[in-house]
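The values are calculated or read from the model by the stated rules, or taken from the named source; none is laboratory data. Note that this is a predicted model, so its numbers are computed, not measured. Cβ placement follows ideal geometry from the backbone for every residue including glycine, while neighbour counts extend to all protein chains displayed.
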Amino acid sequence: MDIWYALPTLVLTLTAVLLGGYLAMGLFRAVKLAQFQKLLKIAHINIAVIAAWIAVFYGFVYYVIPLKLNDPSFEAPLFRWTVFLPLAALLLTIAATSGLKKDIKKVRSTDRIR
């Protein structure tokens, strides 16, 4: 398989994993409002990266693979249940974003009480 077809998917996958890991680790240490707002921005960026990854991946599946099937040296990849993992990552990141918004509201309300 040609590396130029797989390279954008690899870059977007690594970016999404690193942003998701930073987001998960940051949630354990976040105490101040600014930290929660920073994590919310990272979550929005992660949603955009995952959406781009899904677009590139499915574009690869629907446009590149059918063109390459006539080439005898090309092996078509097998996709099973792993095709739905990016969608699960997107849904879980959206759920994390809604949880972050609730946390920001709680921190703002406690700041008003002080």
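Conditions (1) among the small types (Gly, Ala, Ser); (2) at pLDDT 80 or above; (3) outside any helix (DSSP H, G or I); (4) in contact with a strand residue (DSSP E or B) (Cβ under 6 Å, 6 or more places away or on another chain), marked per residue:
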position	(1), (2), (3), (4)
24	yes, no, no, no
28	no, no, no, no
36	no, yes, no, no
42	no, yes, no, no
49	no, yes, no, no
Selected residue [modelled with pLDDT of 70 or more and either touching an Asp or Glu at 6+ places or on another chain (Cβ under 9 Å) or of a type outside the set (Phe, Trp, Tyr) (or both)] from 54, 3, 113: 54
Qualifying residue in the range 71-85 (condition: of a type in the set (A, V, I, L, M), modelled with pLDDT of 75 or more and under 28 Å from residue 23 (Cβ atoms)): yes
Some residue of the range 6-13 being in a helix (DSSP H, G or I), within 9 Å of the chain's Cα centre (by Cα) and either of a type outside the set (Asp, Glu) or surrounded by fewer than 13 Cβ atoms within 10 Å (Cβ to Cβ) (or both): yes
